[in-house]
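Below: one structure, written as structure tokens.
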Amino acid sequence: MAYTNVHRGARISPSKARLVTDMISGKSVDEALSMLATSKKRAAVFVKNALNAAIANADQAEVNIRNLQVTEARVDEGPTMKRFQPKDRGRAHPIMKRSSHITVAVSEA
């Protein structure tokens, strides 16, 4: 059985977060946590929080945490805040502030 967690509305673009989730999918939980701890990407913090919550969900069901493996790590696009930056001669340029929904699922190997 898979134990999941979804971090909704993470303030990072989905393309940046997908670089980190692709890195940990299919790995064991210990290996994934060590990879996220040493990563320099800002998205690693969001993914690590989601992974820790998924591990806690599995722990509530009294599953052996040593045997857990990341079965699914995916990033979906969240709502986009649309802002405008004033430019010269009265013009305005749009700024898209993107957000993500980060889903992490773990299950026993």
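Descriptive notes on the structure:
- Shape class of region 3-108 from the alpha-carbon gyration tensor: prolate, with a/c at 1.5 or above and a/b greater than b/c.
- Highest average first, the peptides 88-98, 38-48 ordered by how many other beta carbon atoms sit within 10 Å of their residues are 38-48, 88-98.
- Spin-label model distance (nm) - ASP88 vs VAL6, 7 Å beyond Cα toward Cβ: 4.6 nm
Throughout, read-outs are computed from the coordinates displayed, never taken from laboratory work. Please read these numbers as outputs of a predicted model, since none were measured by experiment. Counting neighbours? That spans all protein chains shown, and the Cβs are built from the backbone with ideal geometry, glycine included.
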